[in-house]
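Asks: Starting off with a structure, shown below.
The values are calculated or read from the model by the stated rules, or taken from the named source; none is laboratory data. Note that the coordinates shown come from a computational prediction; the quantities given were computed from them, not determined experimentally. Counting neighbours? That spans all protein chains shown, and the Cβs are built from the backbone with ideal geometry, glycine included.
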Amino acid sequence: MNSSPWVCCQIGAREHYAIPRSLHQTGQLTSLITDAWVSPNSMFNALPDALLRSLRDRFHPDLETAPVQAFTASLLQFELHQKLQKTDGWDRTIARNSWFQKRAVKQLQTIAPRFAMRGIRPTLFTYSYAALEILRYAKSQGWHTVLGQIDPGPIEEAIVIREHEKHPALAPFWQPVPPFYWENWKLECETVDRIVVNSDWSRQALQQAGITAEKIDIVPLVYSPPEAARSFQRTYPDKFSVERPLRVLFLGQVILRKGIAALLETAQILQNEPIEFWIVGGIGIDRSQMNLPNIRWVGAVPRSEAAQYYQQADVFLFPTLSDGFGLTQLEAQAWKLPLIVSRFCGAVVKDGVDGVVLSDITGWEIAETLKNFLIQPEQLQKFYQHLEKCKSWGLVDLSRQLQTLK
């Protein structure tokens, strides 16, 4: 592919806008079309804090000078209407995806003549599950199209269903994805020219779902560490104790797909050890099923507040059953925090070098790993020292990766 201009259609602040940021940095971003954008001078900053909270991260300084088109007022109206209609779960998600596509296509219709007059075929990038109508319009204009696959697709869904069958009491109101969702996704995959996944695990899962290997490219996620992380120094005690326990951080969606059942089992096994578990993120399970004294339920926090938990923890636990990548791995590493991770996500951790890759996602497996840290705290120090020497992959490199797509 040549270095043609790019148009990005993105619902939400996924991956901290990594794709449009990288393209803007290299002068290739013609337009970022997104659902909401709240810049520092936006009138939406005058909204009550309860409303603004969900929009707080809908801006990135790297895109301050970028051509951004957003539908913030329309989004607020949509969400209010959905609330009045008392929709939730998949019904609301599918309705939101449809709402975004209609508005994105209208915006594309306003900019398409510019390309046609100059004889330019841009590349359109958009994310899965909110992409079909956007892709169809782009293809009708002769544009090249790239789909960012946000997860491992229906193979992951099958894994999640099995986990919910094993632990029904933890999420009694959970519902699987409606069949229409997957039918729509298959049409997206058929329509688009290239599909970008973030890990080999996702590539394998898509191939199992029938997507041809020739259509799939692996482009790992990137993360630019905050400036404060670069000089951050981490210390470990010679011995963990009741007064200074081993602090294990879980940060993300508190749902069964993320391995929360194994985490709770671990906490139960280790409840008499000097270990405490910090669970940070939106809680999507019935936590009354497991109220243990060694668990600190923090709940959801704004992205800007996550740093304090990375700083104060001793080890990051990411026992996901399936993830397209797991950006929190890079966030934790940026703060030089050793990780315990599963194999079913992006391959970030070097086992035994900067963390531990679990051979099995069970409470006993995780508990044994944490017990070893209690016995040998110097192992965590060794992991930290390795992380201190590492540097993150930059956004310009991401742009170069995108240019290799054919």
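Asks: Could you list, in sequence order, all residues of the stretch 321-355 that are farther than 30 Å from Ser128 by Cβ and either touching a Pro at 6+ places or on another chain (Cβ under 8 Å) or polar (S, T, N, Q) (or both)?
Replies: Scanning the stretch 321-355 gives a single hit, Asp354.
Asks: Which one of the conditions (1) more than 23 Å from Val197 (Cβ to Cβ); (2) buried (at least 16 other Cβ atoms within 10 Å of the Cβ) does Thr65 fail to meet, given that it meets all the rest?
Replies: With (1) more than 23 Å from Val197 (Cβ to Cβ); (2) buried (at least 16 other Cβ atoms within 10 Å of the Cβ) applied to Thr65, the lone miss is (2).
Asks: Within the stretch 182-195, does at least one residue satisfy the condition of being of a type outside the set (Phe, Trp, Tyr) and modelled with pLDDT under 95?
Replies: Filtering the stretch 182-195 down to residues of a type outside the set (Phe, Trp, Tyr) leaves 183-184, 186-195.
If we keep only those that are modelled with pLDDT under 95 as well, we get none.
Checked the stretch 182-195: no residue is of a type outside the set (Phe, Trp, Tyr) and modelled with pLDDT under 95.
Asks: Hey, can you tell me all the residues within the stretch 22-64 that are at pLDDT below 95 and of a type in the set (Ser, Thr, Tyr)?
Replies: Ser22, Thr26, Ser39, Ser42, Ser54
Asks: Kindly indicate the residue of the stretch 345-378 that is touching a residue at least 24 places away in the same chain (Cβ under 8 Å), β-branched (Val, Ile, Thr) and not in a helix (DSSP H, G or I) and also surrounded by the most Cβ atoms within 10 Å (Cβ to Cβ) among those meeting that condition.
Replies: Ile361
Asks: Checking Asp314 against (1) at pLDDT 95 or above; (2) loosely packed, with under 15 Cβ neighbours inside 10 Å; (3) touching a helix residue (DSSP H, G or I) at 6+ places or on another chain (Cβ under 8 Å), which test does it fail?
Replies: The one condition Asp314 does not meet is (2).
Asks: Here's a follow-up. Looking at (1) out of contact with any Ser or Thr (no Cβ under 8 Å at 6 or more places or on another chain); (2) under 24 Å from Arg21 (Cβ atoms); (3) crowded, with 18+ Cβ neighbours inside 10 Å; (4) not polar (S, T, N, Q), find the lone condition where Ala228 falls short.
Replies: Result: Ala228 fails condition (3) only.
Asks: Checking Ile19 against (1) closer than 30 Å to Pro220 by Cβ; (2) out of contact with any helix residue (DSSP H, G or I) (no Cβ under 9 Å at 6 or more places or on another chain); (3) of a type in the set (A, V, I, L, M), which single condition isn't satisfied?
Replies: Only one criterion in (1) closer than 30 Å to Pro220 by Cβ; (2) out of contact with any helix residue (DSSP H, G or I) (no Cβ under 9 Å at 6 or more places or on another chain); (3) of a type in the set (A, V, I, L, M) is unmet by Ile19, namely (2).
Asks: Every residue in the stretch 327-344 that is polar (S, T, N, Q) and not in a loop (DSSP other than H, G, I, E, B), please.
Replies: Matches in the stretch 327-344: Thr328, Gln329, Gln333.
Asks: If we only count strands (runs of 3 or more DSSP E) wholly inside the stretch 245-326, which ones have 1 or more residues that are among the basic types (Lys, Arg) and either without any contact (Cβ under 8 Å) to a residue 24 or more places away in the chain or closer than 23 Å to Tyr384 by Cβ (or both)?
Replies: Strands (runs of 3 or more DSSP E) meeting the threshold: 246-251, 295-299.
Asks: What are the residue pairs meeting all of these: first residue in the stretch 152-169, first residue closer than 20 Å to Gly346 by Cβ and outside the structural domain of Cys345 (by TED's automatic domain parsing), second residue in a helix (DSSP H, G or I) and among the aromatic types (Phe, Trp, Tyr), Cβ atoms under 6 Å, and 6 or more apart or on different chains?
Replies: Filtered contacts from the stretch 152-169: Pro154/Trp182.
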